[in-house]
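Asker: Shown below is the structure under consideration.
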Amino acid sequence: DSLRSVGSRPPSTSALVAVTLGLAESFVKNQSGERRENSNTMRRMLLRSMAEDGHFARMVMSDLGARLNGYIAECLRVGAEAGDLELSAGDAGDVGAKLYRLLFFAIGAQALPEEPSIDMGVSEDTLIREIVRFQLRGLGLRSAVIDRELGR
């Protein structure tokens with residue numbers, strides 16, 4: 001659901017923070033029932049594909065990736081114009097957007113078992129905030145801007 005909402009808001013720093021927060025929540029918060037099983041099945045299929053020929057993973061990731069990468073790039077461009085980035089909008093570039101997606105995939109994959117493979121030692125809410133900060137700093141957003149947006 002959080003991925004379906006990508007692009008529903010005009011590109012901005014605020015929209016990028018909201019998308020990142022939504023993605024972090026969807027990958028970290030415990031889901032239940034059929035929703036959890038569907039998410040876990042998709043993650044397992046992607047992991048299996050990546051461990052083999054990668055065809056399925058490339059197919060799934062290409063459409064999603066193009067949409068998400070384009071939106072992130074546009075949010076970064078608008079954020080750079082507003083002075084919200086330490087980097088120029090092009091510095092993080094396409095690689096930054098791909099790393100952004102890859103980290104979310106890794107977060108989801110490590111949470112597949114009932115007991116996550118890596119115990120982060122913090123509450124879900126703290127973990128979500130740390131993921132958001134890490135992701136946004138990696139894309140070049142200033143710490144003060146992240147604090148401002150998360151405080152809203």
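The values are calculated or read from the model by the stated rules, or taken from the named source; none is laboratory data. Keep in mind the model is a prediction, meaning the values are calculated, not measured. Backbone-built Cβ (ideal geometry, glycine too); neighbour counts: all protein chains shown. These area figures cover heavy atoms from the full protein model, side chains too; ligands, DNA and RNA do not enter into them. Shrake-Rupley method; radii C 1.70, N 1.55, O 1.52, S 1.80 Å.
Asker: Return yes or no: is E124 open to solvent by 40 Å² or more (accessible area, probe 1.4 Å) and over 16 Å from the mean Cα position of the chain (by Cα)?
Answerer: So E124 does not fit the description; no.
Asker: Hey, any hits in the range 60-75 for a residue that's modelled with pLDDT of 90 or more and either on the phi > 0 side of the Ramachandran plot or in contact with a Gly (Cβ under 6 Å, 6 or more places away or on another chain) (or both)?
Answerer: no
Asker: Do we find that A15 is open to solvent by less than 90 Å² (accessible area, probe 1.4 Å) and more than 24 Å from G138 (Cβ to Cβ) in this structure? Quick ask: steps written out before the conclusion?
Answerer: Values: open to solvent by less than 90 Å² (accessible area, probe 1.4 Å): yes; more than 24 Å from G138 (Cβ to Cβ): no.
Taking the combined requirement at face value, the residue does not satisfy it.
Asker: Where the second residue is surrounded by fewer than 16 Cβ atoms within 10 Å (Cβ to Cβ) and among the charged types (D, E, K, R) and the first is modelled with pLDDT of 80 or more and lies in the range 104-120, which pairs have Cβ atoms under 7 Å and are six or more apart or on separate chains?
Answerer: L112/R44
Asker: Given L47, L102, which one is under 22 Å from A18 (Cβ atoms) and of a type in the set (A, V, I, L, M, F, W, C)?
Answerer: After ruling out the rest, the residue left standing is L102.
Asker: If you scan the range 25-55, which residues turn out to be among the basic types (K, R) and open to solvent by 60 Å² or more (accessible area, probe 1.4 Å)? Talk me through it step by step, then tell me what you get.
Answerer: Filtering the range 25-55 down to residues among the basic types (K, R) leaves 29, 35-36, 43-44, 48.
Matches in the range 25-55: K29, R35, R44, R48.
Asker: Any idea how many residues of the range 127-146 are in a helix (DSSP H, G or I) and either without any contact (Cβ under 8 Å) to a residue 40 or more places away in the chain or open to solvent by 60 Å² or more (accessible area, probe 1.4 Å) (or both)?
Answerer: The number of residues fulfilling the criteria is 7.
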